[in-house]
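FYI, it's all coordinate maths here, none of it is from the lab. Keep in mind the model is a prediction, meaning the values are calculated, not measured. Cβ coordinates were reconstructed from backbone atoms using ideal geometry, including for glycine residues, and neighbour counts include every protein chain displayed.
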Amino acid sequence: MATLFACKDKLQEERNKQASVGDINIRSSIDVILEQKRLNEQLYELEVAINNRWPKPYGERSTWGEIVDHYQAQKKARREEEKRRKQEEKRRQIQMEENLKAALIVAITIAVGGGLLIFLFTSIANAVKVIS
């Protein structure tokens with residue numbers, strides 16, 4: 001059943017891609033539409049079989065409806081997890097850039113301070129030689 005839902009999602013993605021393409025191939029459009037109809041037919045047959053096997057009282061959500069709701073909830077959770085993961089990755093990237101900037105500022109400060117100390121010591125050494 002997961003394969004049927006995956007096929008349905010894949011066909012929908014393919015349809016969306018074709019909708020945005022300028023040069024549309026009629027053969028690929030025919031294939032996508034016919035495959036979509038076959039898939040819908042299979043899903044309907046599966047829905048009827050499941051609802052007949054596990055019927056629900058009138059007014060309650062059908063077993064197939066529960067399956068579809070569960071699938072949609074999983075799909076939404078997966079999208080949210082992916083979004084959260086991308087945000088976390090972006091946050092880590094920004095944090096790393098800030099750490100590198102801070103390290104670079106510290107390194108430059110140390111280099112400049114060290115250079116000034118060397119200049120100071122050489123100046124003092126030269127001044128001591130001149131006095132001696």
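Couple of notes before you dig in:
- Under 12 Å, Cβ to Cβ, from GLN87 - net charge with Lys/Arg +1 and Asp/Glu -1: +2
- Gain in span if fully extended, GLN95 to LYS10, counting 0.36 nm per residue against the direct Cα distance: 27.0 nm
- Taking every alpha-carbon pair under 8 Å whose residues sit at least 6 apart, the chain reaches a relative contact order of 13 percent.
- Treating r as the C-beta distance of THR3 and ARG61 and R0 as 22 Å, the FRET efficiency rounds to 0.40.
- Set LYS8/LYS86; LYS56/LYS76; LYS76/LYS101 screened for pairs whose C-alpha atoms are more than 32 Å apart: LYS76/LYS101
- For the chain, built as a Gaussian network whose Cα springs stay under 10 Å, the top-fluctuating residue of ARG78, ARG27, ARG61: ARG27
- Just so you know, the averaged projected area of the alpha carbon convex hull for region 1-130 sits at 16.9 nm².
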